[in-house]
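So the structure is just underneath, and the comments pick up after that.
The values are calculated or read from the model by the stated rules, or taken from the named source; none is laboratory data. Just so it is clear, the structure is predicted and the values come from calculations on it, not from any experiment. A quick note on method: Cβ atoms are made from the backbone with ideal geometry, for glycine too, and the neighbour counts reach across all protein chains shown. In case anyone asks, the SASA skips ligands and DNA or RNA and just uses the protein heavy atoms, side chains included. Shrake-Rupley method; radii C 1.70, N 1.55, O 1.52, S 1.80 Å.
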Amino acid sequence: SPCVELFSFFLSFFLSFFLSFFLSFLHYQRRNEPPLDEGWIPWLGHAIEFGKDAAKFLARMKEKHGDIFTVRVAGLRVTVLLDPHSFDSVLNDRDSFDFTRLRSQVIQKVFSLQLTNIEPILERKWMEQHFQGCSLPKLSSSMNTHLQTLLLHCHNGSAPSEWKQEGLFDLCYSLLFRAGYLTFFERTDNAAAAYQEFRKFDNLLAKLARGSLRREERRTVSHSQERLWELLSPHGLRGGSESSTWQQSYCDFLQQEGIDADMQKKALLLQLWTTQCNAGPAAFWLLGFLLTHPEAMEAVKSEIRGLSTRRDTSFQHILSETLRLTAAVMIRREVVQDKILDMANGKRYHLRRGDRVCLFPFLSPQMDPQIHQEPQTFKYDRFLNDDMTVKDEFYKDGKKLKYCSMPWGAGKNMLKSFVTYFHYLSEPCDPEAKLPPVNPSRYGFGMLQPDGDLQVRYRLKRT
């Protein structure tokens, strides 16, 4: 009966709870391990606080414990390393720290996708062949063409001088996603539908990855995934085009690695998210900072008009400052064998096999007050030397940093094209408006997204 089932559920829950509470005492602290912070909830530990606002939580732990500490998160021991001088001790040791299994677990949880048979080196080689090198100029050119066309379509049915109003985040995400979708998939008939479903999926992705979706949210995610798999189905490929060439090649590659047709379809959604999830948010923050900081906007305008003597300098250092404030990736590894971690300061810590290690560059070096003065403030010339050259040397504790900003690679050119097309035809609806705060649940998933929007008005450039 329902009452018996309910009683059995609660009985199982409380038994599991008290068993976890008892077992937590068996995980004693070993010699030379990082400081351990269990939290007050057995097994769950700090999972709720970590998921709610990872940056705020980890900043509090850093103040309490220093640059390395271990926290319990949903039954796992997670060692967090926040000393940028020591990052290479983890990143360069692939024998002790592995990301392959963690990546597979996340991909399966978020994309319902199993790629366990694929060698990461072979996959990386395939990516380089189709998205870098000789293929990159073609992709960039196609992206720019689609972006210009979409901007013109924004004013279909309107006079060129007529102002239109929209939220900047929605505008940037829509334009960049559809331009990327048309570039990579060339599906002009369903780009708008793909964007709508993608946004529904992406809005719930952080909760999906953490396993905290409500029932209705699970249904929304499931429906969006099904719809996107249908839209991206390789059966609709157009023979001979650049996009269908790489898609067919990708499906052939997966088939050779033992991946069946159903998983190939799901893998295309992974490719869509990987290529499109950061472009729109990055464009929003970049253009948003420019629109709300007139001195930064004037520097970029002078460079675009050819008045600056140093090509790309203004754009490069403003982009670097934008990424410093809004790129919040977490680098995760699994400890596959007991390891003595040598820190840059000479200290040594024992890490257990089976534990997780997490690097969070957002806290340090990006937001570290020992490296950047007033790190919470946007300063358009922070990455600019007195002689107007790009500043790329920063120090902590008297030592030069190897990692001072997030790499962006070829995406820099796409963002500059977007700003070039759009900077001269947009302005905030309210001259005193400020950028919205970040959505704290997105820490750890690449580019941050805003909790709100900035209303802007825009029109076509007068000819």
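Keeping all protein chains in place, calculate the accessible area per residue for the chain (probe 1.4 angstrom), answer in Å².
Values: 23680 Å² over 463 residues.
Result: 51 Å² of accessible area for each residue.
Per DSSP H run of at least 4 residues, take -39500 (n - 2.57); add these up for the chain, divide by its residues and hand me the 222 nm value, nearest 500 deg cm²/dmol.
That calculation yields -15500 deg cm²/dmol at 222 nm.
Rounded to the nearest percent, how much of the accessible area of the chain (1.4 Å probe, protein heavy atoms only) is carbon and sulfur? Let's see the in-between values first.
Numbers: 12460 of 23680 Å².
Exposed carbon and sulfur together represent 53 percent of the surface.
Using Cα pairs under 8 angstrom and six or more residues apart, how large is the relative contact order of the range 56-175, in percent? Could you put the intermediate results ahead of the total?
Working: 41 pairs, mean separation 11.1, N = 120.
Relative contact order for the range 56-175 comes out at 9 percent.
Excluding Arg30 itself, calculate the net charge of residues whose Cβ lies under 14 Å from the Cβ of Arg30, where each Lys or Arg counts +1 and each Asp or Glu counts -1. Display every interim value, and only then the final one.
Values: positive: Arg31, Arg77, Lys339, Arg348, Arg352, Arg353; negative: Glu33, Asp338, Asp355.
Here the charged neighbours net out to +3.
For the peptides 260-270, 313-323, 217-227, what is the packing order when you average, over each peptide's residues, the other Cβ atoms within 10 Å and list the highest mean first? Can you show the working numbers first?
On the way: 260-270: 17.5, 313-323: 23.0, 217-227: 15.5.
With the highest mean Cβ count within 10 Å placed first, the list reads 313-323, 260-270, 217-227.
With labels modelled as points extended 7 Å from the Cα through the Cβ direction, what inter-label distance (nm, one decimal) is found for Gln370 paired with Gln129?
In this crude label model, Gln370 to Gln129 measures out at 4.6 nm.
Counting Lys and Arg as +1 and Asp and Glu as -1, what is the net charge of the other residues whose Cβ lies under 13 Å from the Cβ of Phe169?
Numbers: positive: Arg199, Arg442; negative: Glu166, Asp170, Asp202, Asp451, Asp453.
My count for the surroundings of Phe169 gives -3.
Please find the FRET efficiency linking Ser161 to Lys434, where r is the Cβ-Cβ separation and R0 is fixed at 25 Å, and quote it to the nearest 0.05.
0.35
Would you kindly work out the equivalent ellipsoid of the range 27-77 from its C-alpha gyration tensor and give its semi-axes, the square roots of five times the eigenvalues, largest first in whole Å?
Values: eigenvalues 60, 45, 9 Å².
Each semi-axis is the square root of five times an eigenvalue, giving 17, 15, 7 Å.
Using a Förster distance of 25 Å, how high is the FRET efficiency between Leu270 and Ser140, based on the Cβ-Cβ distance and rounded to 0.05? Intermediate values should be presented prior to the final figure.
Numbers: r = 22 Å, r/R0 = 0.89.
With a Förster radius of 25 Å, E is 0.65.
Of the listed pairs Lys125/Lys400; Lys399/Lys434; Lys56/Lys402, which have alpha-carbon separations greater than 29 Å here?
Values: Lys125/Lys400 32 Å; Lys399/Lys434 36 Å; Lys56/Lys402 25 Å.
Beyond 29 Å: Lys125/Lys400; Lys399/Lys434.
For the range 46-56, in order, what is each residue's ³J(HN,Hα) by Karplus, 6.51 cos²θ - 1.76 cosθ + 1.60 with θ = phi - 60°, in whole Hz (x at glycine and Pro)?
9, 4, 5, 5, 4, x, 6, 7, 4, 5, 5
For the pair Leu122 and Thr245, how long in nm is the line joining their label points, each one 7 Å along Cα→Cβ?
Label-label distance for Leu122 and Thr245, simple model: 2.3 nm.
When only C-alpha pairs under 8 Å and at least 6 residues apart count, what is the relative contact order of the range 252-337, in percent? Please report the intermediate quantities before stating the final value.
On the way: 27 pairs, mean separation 17.7, N = 86.
Answer for the range 252-337 is 21 percent.
Please name whichever of Ser249, Ser142, Pro42 sits farthest to the positive end of the charge dipole of the chain, dipole taken about the Cα centre and charges placed at Cβ: Lys and Arg +1, Asp and Glu -1.
Result: Pro42.
How much length would be gained if the chain were fully extended between Ile41 and Gln114, taking 0.36 nm per residue of separation minus their Cα-Cα distance, in nm to one decimal? Kindly include the intermediate steps, with their values, before the conclusion.
Values: separation 73, 0.36 × 73 = 26.28 nm, distance 3.26 nm.
Taking Ile41 through Gln114 to full extension adds about 23.0 nm, to one decimal.
What net charge is computed for the residues neighbouring Pro281, neighbours being all others with C-beta under 11 Å from the C-beta of Pro281, Lys and Arg scored +1, Asp and Glu -1? Before the final figure, lay out each step's value.
Numbers: positive: Arg442; negative: Asp202.
Here the charged neighbours net out to 0.
Distance in nm between label sites at His153 and Glu217, each 7 Å beyond Cα in the beta-carbon direction?
3.2 nm
May I ask you to compute the full-extension gain from Asp252 to Lys391, defined as 0.36 nm times their residue separation minus their alpha-carbon distance, rounded to one decimal in nm?
Details: separation 139, 0.36 × 139 = 50.04 nm, distance 4.44 nm.
Working it through step by step, the gained length comes to 45.6 nm.
Taking a spot 7 Å from the Cα of Ile340 along the direction of its beta carbon, which residues of the range 31-73 have an amide N less than 12 Å from it?
Once the point is set 7 Å along Cα→Cβ of Ile340, 32 turn out to lie under 12 Å by backbone N, inside the range 31-73.
What number, in percent, do you get for the relative contact order of the chain if the mean sequence gap of Cα pairs under 8 Å and at least 6 apart is divided by its residue count? Intermediate values should be presented prior to the final figure.
Numbers: 607 pairs, mean separation 102.9, N = 463.
Worked out over the chain, it gives 22 percent.
Towards the positive end of the charge dipole of the chain, with charges on Cβ (+1 Lys, Arg; -1 Asp, Glu), say which of Phe198, Cys358, Phe177 has the farthest Cα.
Going by the charge dipole, the pick is Cys358.
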